[in-house]
Amino acid sequence: MATHITPEEQQALAKMLLKLLDDWKLSSEQQISLLGMPDSTRIRALARHRAGEPLPDDGQLLARTQHLLAIERALHTSFPTNVALANFWITTENQYFGGRTPLEIMLEEGMDGIERVRAHLEHTDGW
């Protein structure tokens, strides 16, 4: 499925997204899972994307990217003066999610979980 974005935009998205996942202190395996990449994806593929290799031209991956970057924007709106707290929120148990972390929700529920976390953030102040 064509995404209609330029290779340069794909490169920029890859760098932004991988930086975000690194800021969240996710393991490579968690990053691969969160992005919906095949289980057979090698960890070195992430390093190539960090270095500027565009993400695969895949509609599902682009949708996940857009949601994850929207989650980042919402977190920085909720915690404008504390980037560390914004990043910490992802791995902090949350009553809204039944005591589970937003990361657990996203990893366990895939795209539905990512959308659920985004919707929660866009309608609350994070906590």
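The values are calculated or read from the model by the stated rules, or taken from the named source; none is laboratory data. Since we're looking at a predicted model, the values are computed, not measured. Counting neighbours? That spans all protein chains shown, and the Cβs are built from the backbone with ideal geometry, glycine included.
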Residue 26 meets each of (1) modelled with pLDDT under 90; (2) under 17 Å from residue 114 (Cα atoms); (3) not in a helix (DSSP H, G or I) with one exception, condition (1)
Log entry, pairs with first residue in segment 53-71 being polar (S, T, N, Q), second being outside any helix (DSSP H, G or I), beta carbons closer than 9 Å, six or more apart or on different chains, reads 60/1; 60/36; 65/35; 65/55
The correct count of residues that are buried (at least 16 other Cβ atoms within 10 Å of the Cβ), of a type in the set (A, V, I, L, M, F, W, C) and either under 24 Å from residue 83 (Cβ atoms) or within 12 Å of the chain's Cα centre (by Cα) (or both) in segment 1-44 is 11
Of 51, 70, 74, the only residue that is under 16 Å from residue 16 (Cβ atoms), of a type in the set (Gly, Ala, Ser) and surrounded by 18 or more Cβ atoms within 10 Å (Cβ to Cβ) is 74
### Task
Would you check if there is a residue in segment 32-50 being in contact (Cβ under 8 Å) with a residue 60 or more places away in the chain, over 16 Å from residue 5 (Cβ atoms) and part of a helix (DSSP H, G or I)?
yes
Within segment 1-40, residues touching a helix residue (DSSP H, G or I) at 6+ places or on another chain (Cβ under 6 Å), farther than 14 Å from residue 63 by Cα and not acidic (Asp, Glu) come out as 18, 20, 21, 24, 28, 31, 33
